[in-house]
Amino acid sequence: MRGNTLYIVVPCYNEEEVLPETARRLGDKLRALMNAGKISPQSRVLFVNDGSKDKTWEVITRLHKENSLLCGADLSRNRGHQNALLAGLMTAKDRADMVISMDADLQDDVDAADAMVDKYLAGADIVYGVRSSRKTDTFFKRTTAEAFYRMMDVLGAETVFNHADYRLMSRRALEGLAQFKEVNLFLRGIVPMIGYPTDTVEYERGERFAGESKYPLKKMISFALEGVTSLSVKPLRMITGLGFLVFLVSLVMIVYNVVRWATGNTVTGWASLACSVWLIGGLILLSLGVIGEYIGKLYMESKARPRFLIRQVLDNAQEEDGD
Ligand code: UDP
Ligand code: MG
C-alpha cells in the first residue's frame, strides 16, 4: 500500500498580489482532502520563491506563521520557472508520497486536484492536468501556445498536448526525474520519458487571478527553442535532408548547363549564379547556427552547474528530523 502524504508545489516569482488568495484556496483544499481521509495529516503546500523582487518571500513567511500547512523554500536567486519547479519537486520528494505542481496564479483549477489524488490512489504514478479549452486565454496567447505544441511535435519533441505544468507525480516518478541530470531543463518533455502508469485529468483553465503573466512573448519563444533543442536532434537531421535536396538541385543545374553549352548558348547564367551563391551562403550560415546551438548545449552540460541552491526551507512537519 502506498503512502498518501501530498505536497502541492507552487513556484512563485513576484506573486505577492496573488499569494494570500492562492494560499487560502490551497489550504482549504488540503484540509478538505484530509477530512475526506484521502491524504495524510503530514500533507503540505510548498511555495518556492524564485528570487522574487517584490515581497513574495515575506508573504510566504507570514503565511507559514499563520498556517502550519503552508511551507516555503527560498531559492538563492531567480532561476526561472522550470528550475524553481524542479527545486520544489526535489525538496518535496523526500517528504511526500505524491506531489502536485501548479502555478501560483490560480489559472489551474484547484478542484482538479481531487481527481488527481483519486487517480494516484487508483495506481497512477503521473497524472497530467490537460486543458479542456482555452476560452479564457487571449486570442494571441491561445494561438501562440497552440502553434508552440504543433511546432514541438513537428520537430520531434514529445509532449502532452495542452498540458502545462499542472500534474501529479508519485515519489517513484520523482525519483526517476531526479536521475535526469540535464541542465537545460524542459520538464514537459522529460516527464513523459519517465514512464510508469499515467493518466490525465481534464480541467478548465481560468484567467490569471491578479498580477500579470511572467511569460511574455520573448520568454515563450526562448522556452520553445529550449524545448526543441534540449529534447530532439531532429533539426540536425533536417539539415542533412536540406543538404541532400540542394545536392539534387545542383545535379539538375549541371545537366541543364551542359545542355545549354551543347546547344551553343554559352553567355548565360550570371543572374542565376549570383543567386545561388547567396542561397548556398545563407544555407551554410543557417546550418552552422543550428549546429552551434547544440554545441552550446554540450558546453553548458559539460559544466554540470547545480540547477538550484536552496537558501532556506520552512517546513515544521520535518522539524523533528532536525531540518
Ligand atoms: N515563475 C517562476 N519564475 C519565473 C517566471 C515565472 O517561478 O522566472 C512562476 C510564476 O510565479 C507562476 C508560474 O511560474 O507561478 C507560471 O507563470 P505565469 O503564470 O506568469 O505564466 P503563464 O500562465 O502566463 O504562461
Ligand atoms: Mg499563469
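From the Cα trace of region 169-289, what convex hull volume per residue do you get, rounded to a whole Å³? All intermediate terms of the calculation are to be shown ahead of the outcome.
Values: hull volume 25.9 nm³, N = 121.
Taking only Cα atoms, region 169-289 has a hull volume of 214 Å³ per residue.
Among 240-246, 43-49, 161-167, what's the highest-first ranking by average C-beta atoms within 10 angstrom per residue? Provide the component values of the computation, followed by the final result.
On the way: 240-246: 11.7, 43-49: 27.0, 161-167: 19.1.
Result, highest mean Cβ count within 10 Å first: 43-49, 161-167, 240-246.
Per residue and in cubic angstrom, what volume does the convex hull of the Cα atoms of region 1-149 have?
125
Using the Kirkwood radius built from alpha carbon pairs, what does the Stokes-Einstein equation give as D for region 160-221 at 4 °C and 1.567 mPa s, in µm² per second?
Numbers: Rh = 14.1 Å.
Answer from the Stokes-Einstein relation: 92 µm²/s.
Mean residue ellipticity at 222 nm from the helices of the chain, using -39,500 (n - 2.57) per DSSP H segment of n ≥ 4 over the full residue count, to the nearest 500 deg cm²/dmol?
On the way: 10 runs with 161 residues, N = 323.
One gets -16500 deg cm²/dmol as the mean residue ellipticity at 222 nm.
Please compute the per residue accessible area over the chain with all protein chains in place, 1.4 Å probe, rounded to a whole number of Å². Present the calculation step by step, with values, prior to reporting the outcome.
Values: 16780 Å² over 323 residues.
With the other protein chains kept in place, the chain gives 52 Å² per residue.
For the chain, what relative contact order do you get, as a whole percent, if you take Cα pairs closer than 8 Å and at least 6 residues apart? Intermediate results must be reported in sequence, preceding the final value.
On the way: 475 pairs, mean separation 71.7, N = 323.
Relative contact order of the chain: 22 percent.
Translational diffusion coefficient of region 122-184 at 25 °C, 0.890 mPa s, Stokes-Einstein with Kirkwood Rh over Cα pairs, in µm²/s as a whole number. Show your work: numbers first, answer last.
Details: Rh = 13.8 Å.
Diffusion coefficient, whole number: 177 µm²/s.
Please determine, in degrees from 0 to 90 and to the nearest 10, the orientation of helix 234-262 with respect to the longest principal axis defined by the Cα atoms of the chain, where the helix direction is its Cα long axis.
Relative to the chain, helix 234-262 is tipped by roughly 10 degrees.
For region 87-207, compute Rg over Rh where Rg is the Cα radius of gyration and Rh is the Kirkwood radius from the inverse mean 1/r over Cα pairs.
Details: Rg = 14.4 Å, Rh = 15.0 Å.
Radius of gyration over Kirkwood radius for region 87-207 works out to 0.96.
Go through 202-213, 109-120 and give me the packing order, highest mean Cβ count within 10 Å leading. Can you show the working numbers first?
On the way: 202-213: 15.2, 109-120: 19.8.
Result, highest mean Cβ count within 10 Å first: 109-120, 202-213.
Taking all pairs of different Cα atoms in region 1-84, averaging 1/r and flipping that mean, what Kirkwood radius in angstroms comes out? All intermediate terms of the calculation are to be shown ahead of the outcome.
Details: mean 1/r = 0.0759 Å⁻¹.
About 13.2 Å, per the Kirkwood formula over Cα pairs.
Given N residues in the chain, what is its alpha carbon radius of gyration divided by 2.2 N^0.38 Å?
Working: Rg = 25.1 Å, N = 323, 2.2 N^0.38 = 19.8 Å.
Relative to the rule-of-thumb radius for its length, the chain sits at 1.27.
Provide the convex hull volume over Cα atoms per residue for region 52-103, in Å³. Provide the component values of the computation, followed by the final result.
Working: hull volume 4.9 nm³, N = 52.
Per-residue hull volume (Cα only) is 94 Å³.
May I have the extent of the alpha carbons of region 102-156 along their three principal axes, as whole Å values ordered from largest to smallest?
On the principal axes, region 102-156 reaches 36, 28, 18 Å in Cα extent.
Go through region 103-111 residue by residue and turn each phi into a ³J(HN,Hα) via Karplus (6.51, -1.76, 1.60, θ = phi - 60°); whole Hz please, and just put x for glycine and proline.
6, 6, 8, 6, 6, 8, 5, 4, 5
Report, to one decimal in Å, the Kirkwood hydrodynamic radius for region 58-136 based on all distinct Cα pairs. Mind dumping the intermediate values first?
Numbers: mean 1/r = 0.0677 Å⁻¹.
The answer is 14.8 Å.
Under 5 Å between amide H atoms, partner at least 5 residues away or on a different chain: which partners does Phe209 have, H built in plane at 1.01 Å?
Gln107
If contacts are Cα pairs under 8 angstrom and at least 6 residues apart, what is the relative contact order of region 134-268 in percent?
Details: 65 pairs, mean separation 44.1, N = 135.
Reported as a whole number, the value is 33 percent.
Which entries in the list Lys53/Lys297; Lys53/Lys214; Lys93/Lys181; Lys218/Lys297 go over 24 Å, if you measure between the two C-alpha atoms of each?
Numbers: Lys53/Lys297 29 Å; Lys53/Lys214 13 Å; Lys93/Lys181 16 Å; Lys218/Lys297 20 Å.
Result: Lys53/Lys297 exceed 24 Å.
What residues qualify as long-range amide H neighbours of Leu46, i.e. H under 5 Å apart, gap of 5 or more or another chain, H built at 1.01 Å from N?
Excluding prolines and chain starts, which carry no amide H, the hits are Ile8, Val9, Val10, Cys71.
The values are calculated or read from the model by the stated rules, or taken from the named source; none is laboratory data. Keep in mind that what you see is a predicted model, and the values were worked out from it rather than measured. Reconstructed Cβ throughout: ideal geometry from the backbone, glycine too, with neighbour counts over all protein chains shown. Note: accessible area is taken over every heavy atom of the protein model, side chains too, but ligands, DNA and RNA are not part of it. Shrake-Rupley method; radii C 1.70, N 1.55, O 1.52, S 1.80 Å.
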